[in-house]
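A short write-up of the structure that comes next.
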Amino acid sequence: MDLLIDLGNTRIKWAVQDAAGLGPVRRLAHENRFPTALAADWAELEPERVFLASVAAPSVRQGLMEFCRRRWALQPKIARPRARALGVTVAYAVPQQLGVDRWLALIAAHTQKRLPALIIDAGTAVTYDLLRQDGQHLGGLILPGLRMMRQSLLDRTQIALRDLGTETQCWAKDTASGIASGTLQALGALGERLAHQLAQVTGAAPSLLVTGGDGQRLQSVLPIPSRWEPDLVLQGLALTRDLD
C-alpha cells in the first residue's frame, strides 16, 4: 500500500493507493503543525511507500518528511514537474518552475480525456491552466486567492473578514457584500474569459475542471458549465508515482 500526500499551504490531503486503486481522500487544515495534526489520523496507516506533492513552505515540507521517517522509517518520494510525461508537454521553458500541483492536475486532466481543458485551482492562490487536445499545456495565470484578495482590501478598511456579506450578489448594496461578491465574481469572470479564448485557439468547447479549497464557491458564479474535481492533484500523483 502506498500513501499519497498533497501538501498545500493551508491544507493537507492524503489517500492510500493499493491494487484496488486510489482510496477515499482525507483532508485537514494543517496549520504547520506536524506531527500533532496527523498523529490520530495516521495511527493505523502502515504504508510501504510514501509519495509527496508539496507547494508548502520548505520548513513545513521538511516537518512532514521527518514525521514519515520517524513513524515508518520511510523517505517520501517528492514529485517534480517534467517537461514531458504521460502525454502532457509543459509550456514553461523551465518546467521545474511550474507548481507541482498544477503539473499533476494537468496529468490527471489529460488522462480523463476531457480535452481541451481549463483547470481552475482555487486555493491560497488561484491558478488557471489551459490544456490542448494533444496534451500541450498552453500556459496559465496566477492570482491571489479569495482570502488574500479580500484581506488586501480589508487591511485598508474597518470591516472584519468575518463580517463579509453575501458572495453571489451581482449588485451588492453594502460594502461588505461588495467585497465578498466582487472578489468572487472577478475570479469567475476570468475563468469565463479564458474558456472563451481556449475555445478560439482549439476550435472546441473546453471542459472546465475546478478544484481547490474554494473551488465550489468559485464554481457557484461561473456562468458556464464546470466539473468539480476536488482530488485532481492526488489523481495525478497516483499516475506519476512510479516515473523514474
What size of dipole, in debye to the nearest 20, comes out for the chain about its Cα centre when the only charges are +1 on Lys and Arg C-beta atoms and -1 on Asp and Glu C-beta atoms?
-> 300 debye
Using Cα pairs under 8 angstrom and six or more residues apart, how large is the relative contact order of segment 96-233, in percent?
-> 27 percent
Average projected area of the Cα convex hull of segment 2-78, in nm²?
-> 4.6 nm²
Any chance you could run the full-extension gain for residue 192 through residue 73? It's 0.36 nm times the residue separation minus the Cα-Cα distance, nm to one decimal.
-> 38.1 nm
The chain: antiparallel bridges as % of DSSP beta bridges, rounded to 5, reads 65 percent
Label-reachable residues, segment 187-210, where backbone N falls under 16 Å from a point 7 Å from residue 138's Cα toward its Cβ = 190-209
Taking the chain as a Gaussian network, Cα atoms linked when under 10 Å apart, which of 135, 215, 23 shows the biggest mean-square fluctuation?
-> 23
If you project the alpha carbons of segment 91-230 onto the principal axes, what extent comes out on each, in Å, largest first?
-> 49, 30, 23
Extension gain, residue 227 back to residue 158 (0.36 nm per residue minus Cα-Cα distance, nm) = 21.1 nm
Shape category assigned to segment 39-170 from the gyration tensor of Cα positions, a/c cut at 1.5 = oblate
Förster radius 22 Å - calculated FRET efficiency between residue 113 and residue 243, Cβ distance, rounded to 0.05 = 0.65
Calculated P(r) tail over 29 Å for the chain, as whole % of Cα pairs | 34 percent
Add -39500 (n - 2.57) for each DSSP H run of 4 or more in the chain, then divide by its residues: what number comes out at 222 nm, to the nearest 500 deg cm²/dmol?
-> -10500 deg cm²/dmol
How much length, in nm to one decimal, is gained on full extension between residue 148 and residue 168, taken as 0.36 nm per residue of separation minus their Cα-Cα distance?
-> 5.4 nm
Just how large is the dipole of segment 91-230 about the Cα centre, in debye to the nearest 20, putting +1 at every Lys and Arg Cβ and -1 at every Asp and Glu Cβ?
-> 80 debye
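Read-outs throughout are calculated quantities, based only on the coordinates presented, and are distinct from any laboratory measurement. The structure presented is a predicted model; accordingly, all values stated were derived computationally and were not measured. Neighbour counts are summed over all protein chains in view; Cβ atoms, including those assigned to glycine, are modelled from backbone coordinates with ideal geometry.
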